[in-house]
Amino acid sequence: FRSEHVYVKGLSTGNRQRLLLAKTLLHDPSVLILDEPASGLDPRARNELRAIIKTLASLGKAIIISSHILPDIEDISDRIGILEAGQLVLQGDLTTLRALSGTARRTIRLRVPSDDIQRAAEAIRSLNGVASCDIRDQNIVITSDEPNSNYLLAALLQHDIRVLQFSENETNLEEIFMRSTAGKVT
């Protein structure tokens, strides 16, 4: 008995987490409650854990996770609750959280030929759903309320403007958390 504890103590954090998860799954529960399951794991082990959690969810398991590793939560969750000082501040899927927190806007960065940059910015500014359009370092940076950015590309094509580069960023869970909480600690 004593050597079993020494052996478990000698395991890496990742292997200890795997062992605890395996122990939890032995009884085939329909609901799992995991508290900081990725804490202390290296990137490979975190990736494996996310894959396991996704597999368990696809098997119909309800999984409740408490975690401060927000990119992992964003990747694996279909519903998210944000707590502060023991109170539920926001809940819903990521799209709902973006809307409720006032962070539904997306940022789009375009690069067009330099001789077309002013014309492109003017065309974009005339579109509905564009909250802002600025030229920064030979890029056009757009903030949009629209969930789909195809309309921007269509407008540029309509004006015979080539798009050299296009990238789009939605508000991530960490930004939603920071905007929705006041930093209260309990």
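Readers should treat all values here as calculations from the given coordinates under stated rules, not as data from a laboratory. Please read these numbers as outputs of a predicted model, since none were measured by experiment. Because the Cβ atoms are built from the backbone with ideal geometry, glycine has one as well, and the counts that use them run over all protein chains shown.
Laid out as a table, the results:
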quantity: Counted charge near ASN15, where neighbours are those whose Cβ lies closer than 13 Å (Asp, Glu -1; Lys, Arg +1); calculated: +3
quantity: Under 10 Å, Cβ to Cβ, from THR103 - net charge with Lys/Arg +1 and Asp/Glu -1; calculated: +2
quantity: Positive minus negative residues near LYS54 (Lys, Arg vs Asp, Glu; Cβ under 12 Å); calculated: -2
quantity: Geometric extent, Cα atoms of region 106-170 - Rg, Dmax (angstrom); calculated: 10.3, 29
quantity: Förster radius 35 Å - calculated FRET efficiency between ARG179 and ARG136 (Cβ-Cβ, nearest 0.05); calculated: 0.95
quantity: Estimated dipole of the chain in Debye, rounded to 20 [Cβ of Lys and Arg +1, of Asp and Glu -1, Cα centre]; calculated: 580 debye
quantity: Cα long-axis angle, helix 43-58 against the chain (0 to 90 degrees, to the nearest 10); calculated: 90 degrees
quantity: MRE, 222 nm, helices only [DSSP H, n ≥ 4, -39500 (n - 2.57), over the chain, to nearest 500]; calculated: -12000 deg cm²/dmol
quantity: Anchor LYS61: lysines whose Cα lies under 18 Å away (excluding residues fewer than 8 positions away in-chain); calculated: LYS23
quantity: Euclidean distance of C-alpha centroids, region 107-134 and region 1-80, integer Å; calculated: 45 Å
quantity: Cα gyration tensor, region 2-77 - rounded (a/c under 1.5), prolate or oblate; calculated: oblate
quantity: Top positive-direction residue, dipole computed over the chain with Cβ charges, set VAL163, ALA51, ILE73; calculated: ALA51
quantity: The chain: C-alpha gyration tensor shape, a/c 1.5 cut-off, then a/b vs b/c; calculated: prolate
